[in-house]
Amino acid sequence: MRTDFCKTFGIEYPVVLAPMAGVVPDALVAAVSNAGGLGLAPLWHVNADKLRKSVRNIRRLTDKPFGVNLNMEFPSMEHLDACLEEGVEIISLFWRAPGEFLAHAQSGGAKVIYSSGDAADAKAVADLGADAICAQGWEAGGHVRGTVGSMALIPAIVDAVGDVPVVAAGGIADGRGLAAALSLGASAVWVGTRFLAAAEANVHPEYLSHLLASSENDTAHFDNLFDIGWPDAPHRALKNSTSQMWEDAGRPDLGQRPGEGDVVASSPIGGDVLRYQSKSPSADLTGSVEAISMWAGQGVSMVRKVQPARDIVRDIVDEAKIALERIRYR
């Protein structure tokens, strides 16, 4: 199962850890890479010094390839330069067009993965020289730029970008999803929600309990609900008391939503968390964690137990092999 994506990025298995800010610690990044996948560290939301510290710590925990995710909604060349100076060999760019970041990263010796939600955008960035494209379907958890489901998006992007490897994202949480993605022409899968139940993940126990109990019907896509700190950014999360309050009030606009300004939780590191804030429920929070943006994709129904990250990678790969064999011999 060593695909073109695996060969390009020097990994054994075509499984990528989605870079989920606030809940993906260094240990989880390293664990996925040590298991043969590709760990991506979400470090755009910390300062450059903390970024350097995390990169050095991950390197102490693994000698395998890993990357750093940067968010083009909050672009920082200082962060990219810090990555390159620390010898990071893989940069993941997300949300908006990469601009000068792609060429700068590659000039510093890094390979670039760009996340896209439509074929035209993917082709434009592939033509600029991106080393891989992540096709993020509408089913994905967290912030979702596109509006097309994975089943239609993946082959559209595969056809648009030619020989550039495509990573499939959105609703993929087990080996059947990997087998399906490979059948559609993708070269790897980008997995988020399943890794929230990794033993190494930094998720709050209440958040975890909701994830483990949820069905595919328990998420919702919002254009602009959990928007404090990141406005005008569509996203998918578990339905909760905050979304229900908003629904019951008739989905009012910003400034008229019930409970605006309420402090629903707090963190010794980040301080108060407001209702409607874009915030991953990390383990250090206290308060009404259920009321926070509990990011999750529609694949949450396949997340049923806590496992070490290495077991998640191996299960996905083994299940995909079985699924592909079953298809082959039918």
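Descriptive notes on the structure:
- Distance cut-off 20 Å, percentage of C-alpha pairs in segment 216-330 lying past it: 53 percent
- Taking 16 Å as the straight-line reach from the Cα of K64, the aspartates and glutamates in range (excluding those fewer than 8 positions away in the same chain) are E12, D26, E86, E89.
- In order along segment 287-304, the phi-based Karplus estimate (6.51 cos²θ - 1.76 cosθ + 1.60, θ = phi - 60°) of 3J(HN,Hα) comes to x, 8, 5, 4, 7, 8, 5, 8, 4, 6, x, 5, x, 4, 5, 8, 9, 10 Hz; Gly and Pro are listed as x.
- Spacing of the modelled spin labels on V263 and D311, each 7 Å from Cα toward Cβ, amounts to 3.9 nm.
- Residue by residue, segment 14-28 carries 3J(HN,Hα) couplings of x, 10, 10, 6, 5, x, 9, 4, x, 10, 10, x, 4, 4, 6 Hz when phi is fed to the Karplus relation 6.51 cos²θ - 1.76 cosθ + 1.60 (θ = phi - 60°); x denotes Gly or Pro.
- Taking θ as phi - 60° and the Karplus parameters 6.51, -1.76 and 1.60, the scalar couplings of segment 250-267 work out to x, 6, x, 6, 3, x, 10, 7, x, x, 4, x, 5, 8, 9, 7, 8, 9 Hz in sequence order, x denoting glycine and proline.
- Relative contact order (%) - the chain, alpha-carbon pairs under 8 angstrom, separation at least six: 18 percent
- The calculated 222 nm mean residue ellipticity attributable to helices in the chain amounts to -10000 deg cm²/dmol, summing -39500 (n - 2.57) over DSSP H runs of n ≥ 4 and dividing by all residues.
- Amide H contacts under 5 Å for L38, placed H, 5+ residues apart: V15, V16, L17
- Translational D in µm²/s for the chain (Stokes-Einstein at 25 °C, 0.890 mPa s, Kirkwood Rh from C-alpha pairs): 124 µm²/s
- Were the residues from E319 through S107 laid out at 0.36 nm apart, the gain over their Cα-Cα distance would be 72.5 nm.
- Paramagnetic label reach from E85 (point 7 Å along Cα→Cβ; backbone nitrogen cut-off under 11 Å): within segment 30-61, residues 48-49, 52.
Read the figures in this text as sums done on the coordinates, not as results from a lab. Not measured: the values here are computed from a predicted model. Neighbour counts are summed over all protein chains in view; Cβ atoms, including those assigned to glycine, are modelled from backbone coordinates with ideal geometry.
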